[in-house]
Amino acid sequence: MRHTIKVIGLGAGDIEQLPLGIYRTLIEEKHPIFVRTLDHPVVKALQSEDVSFISYDSVYQQHDQFEEVYQAIVDDLIKNAKEKGSIIYTVPGHPMLAEKTVQLLLNREDIHTEVIGGKSFLDDVFSALHMDPIEGFQFLDATNFKRNELEYRQHKLFCQVYDSMIASEVKLTLLEDLGPDFPVTVLEAVGSEEEKKVTIPLVELDQTVELSNLTAVYIPPVTEDHLNHTFFRLREVIAELRGPNGCPWDKKQTHESLRKYLIEESYEFIEAVNNQDDDAMMEEIGDVLLQVMLHSQIGEDEGFFTIDDVIKTLTNKMIRRHPHVFGEIQVENEKEVMDNWNQIKQQEKGNKDKSLLDGIPNELSQLSIAEELQKAAAKVGFDWSDPEPIWDKINEEAQEVKSAIQLNNQNELESEIGDFLFAVVNLARYYKINPELAIHRTNSKFRSRFQFIETKVKENNFKIEDMTLEQLDHYWNQAKTNE
């Protein structure tokens, strides 16, 4: 015997819109009909004609998650179908539209699910809104959606906005991108005699309208002035700047001409971080992103790569190099994470038979190259395990600098000062201090203090070149005190 569940859609409106064949099937059914919810005008009309229903409304009160509700309904339907041989299960609207229980039934191999039909409420929605979905349309479940799924340039319709809590979640998510006064349209019982349609400010979505299981919320396409915070809009702007009618300066740039700007913008961001200036950080990291976008657009213009390729490469790398997050690898600490990272990186680069020092860019500052050389050597144990030998090395190199000074040998002095700086970089690395950032911070500090001295000298009508070191030191100490 084949166990069958016949799924019938009750449509979006009242019983007058129910197809005659489906109406007869329901009226002539001798056994109680299973229904997901009794809260539907067609159910009420059929009950008045002595049609009996078994409702799953109570199941919603027994579980905290919708997934659990839907699974419980499906399990009970299959149980009854196997006991009775065949049952009828009715749902609002069309069975294939926003009906998770139907999808779960169709995925089961131990039961035959037959979808008989029903009118979708989308037809009435399109008519009520005078909207053509070919312009671009998103249909979203208000109880289960993510902000990054929203395509604001298309028509959007949220279903299952059945109470103020769900409406509040929709509102709060949309407010991340849209203003509080952005107009949204609330639709109620579309296609029935009780149909209502009202347009309100987004901020009032969970406050001024009545909500039910027949409520839907429509969001019209959003104009560009609302979308300047989105990635795709940034990409459009950069493409336009480089386009035929774009900016002469932007169109002229190449990968080579932009190199210095990437370095400058990176240091300006570092300075903002050092100053703990959030507004400046936001602006400066944006300038760094601008360089990424310009390089990517140049790559696209020349036919070599696009920003999509850049993002895909980065995403794949992050997943591949974090098997402890996206795979089955187990790690205990940060060291094991870095060991895995370096091993995977080596496999990717195919560097097993090459020098450990390969791959360090010559374009880095010499302080950074020194740090990277030391880090590469440390991977095979060529490193000190405690700071005392490092201090000894620094003192040794300092003495050699003094000896070179006494010999009055400029080449030897340059070499020994280089050795001294290399040892200092080793000390910084041991204490996990980036030497480049450290010297950048000191340079910024010196600049600020010296400019303070210049200001004070000018205020007192002196010439800085006429002042003694002791007088300048007095202002220097004032600058330190003011920091």
Checklist outcome for this item: Per the list (1) within 36 Å of the chain's Cα centre (by Cα); (2) modelled with pLDDT of 90 or more; (3) surrounded by 13 or more Cβ atoms within 10 Å (Cβ to Cβ), residue check on N107 breaks on (3)
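What number of residues within region 128-165 satisfy the criterion of being among the β-branched types (V, I, T) and open to solvent by 20 Å² or more (accessible area, probe 1.4 Å)? Spell out the reasoning first.
Of region 128-165, the ones among the β-branched types (V, I, T) are 134, 143, 161.
Those left that are additionally open to solvent by 20 Å² or more (accessible area, probe 1.4 Å): 134, 143.
The number of residues fulfilling the criteria is 2.
Which of the following residues is part of a helix (DSSP H, G or I) and over 30 Å from E264 (Cβ atoms): E348, E328?
Values: E328 fails: part of a helix (DSSP H, G or I).
Matching residue, one of E348, E328: E348.
Select from region 14-30 the residues that are in contact (Cβ under 8 Å) with a residue 24 or more places away in the chain and out of contact with any helix residue (DSSP H, G or I) (no Cβ under 7 Å at 6 or more places or on another chain) and list them in ascending order.
Initial filter on region 14-30 (in contact (Cβ under 8 Å) with a residue 24 or more places away in the chain): 14-15, 17-19, 22, 25-27, 29.
Across region 14-30, the qualifying residues are Q17, P19, I22, T25, I27, E29.
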Next on the checklist: Restricting to region 240-258, and then to whatever is in contact (Cβ under 8 Å) with a residue 24 or more places away in the chain and out of contact with any Asp or Glu (no Cβ under 8 Å at 6 or more places or on another chain), can you tell me which residue is least open to solvent (accessible area, probe 1.4 Å)?
Outcome noted: L258
Checklist entry - How about region 449-477: which of its residues are touching a helix residue (DSSP H, G or I) at 6+ places or on another chain (Cβ under 7 Å) and either aromatic (F, W, Y) or part of a helix (DSSP H, G or I) (or both)? => result R449, F452, I453, E454, K456, V457, I464, L472, Y475, W476
Checklist outcome for this item: When (1) open to solvent by 70 Å² or more (accessible area, probe 1.4 Å); (2) closer than 20 Å to L26 by Cα; (3) in contact with a Phe, Trp or Tyr (Cβ under 8 Å, 6 or more places away or on another chain) are applied to K100, the one that fails is (2)
Checklist entry - With (1) at pLDDT below 90; (2) open to solvent by 60 Å² or more (accessible area, probe 1.4 Å) as the list, and R24 as the residue in question, which single condition is left unmet? => result (1)
Next on the checklist: If S444 meets every condition in (1) over 25 Å from L356 (Cβ atoms); (2) open to solvent by less than 100 Å² (accessible area, probe 1.4 Å); (3) free of Cβ contacts under 8 Å to residues at least 60 places away in the same chain; (4) of a type in the set (S, T, Y) apart from one, which number is that one?
Outcome noted: (3)
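Do we have any residue at all in region 206-213 that's within 24 Å of the chain's Cα centre (by Cα) and either at pLDDT 90 or above or assigned to a loop (DSSP other than H, G, I, E, B) (or both)? Walk me through it before giving the result.
Applying the first criterion (within 24 Å of the chain's Cα centre (by Cα)) to region 206-213 yields none.
Among the residues of region 206-213, not one is within 24 Å of the chain's Cα centre (by Cα) and either at pLDDT 90 or above or assigned to a loop (DSSP other than H, G, I, E, B) (or both), which makes the answer no.
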Checklist entry - Out of region 49-85, which residues are among the polar types (S, T, N, Q), open to solvent by 60 Å² or more (accessible area, probe 1.4 Å) and over 36 Å from the mean Cα position of the chain (by Cα)? => result S52, S58
Next on the checklist: Quick check on my filter: what residues within region 344-399 are open to solvent by 90 Å² or more (accessible area, probe 1.4 Å), at pLDDT below 85 and not basic (K, R)?
Outcome noted: Q347, D353, N362, E363, V380
Item to check | strands (runs of 3 or more DSSP E) fully within region 76-168 counting 3 or more residues that are in contact (Cβ under 8 Å) with a residue 24 or more places away in the chain and more than 24 Å from I15 (Cβ to Cβ) | outcome: 155-159
Item to check | Cβ pairs under 7 Å, 6+ apart, first in region 450-468 and of a type outside the set (A, V, I, L, M, F, W, C), second open to solvent by less than 90 Å² (accessible area, probe 1.4 Å) | outcome: E454/I464; K456/Y475
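The values are calculated or read from the model by the stated rules, or taken from the named source; none is laboratory data. Predicted, not measured: the structure shown is a model, and the values here were computed from it. Note that each Cβ is placed from the backbone with ideal geometry, even for glycine, and that neighbours are counted across all protein chains shown. Accessible surface is based on the protein model in full, side chains and every heavy atom, while ligands, DNA and RNA are left aside. Shrake-Rupley method; radii C 1.70, N 1.55, O 1.52, S 1.80 Å.
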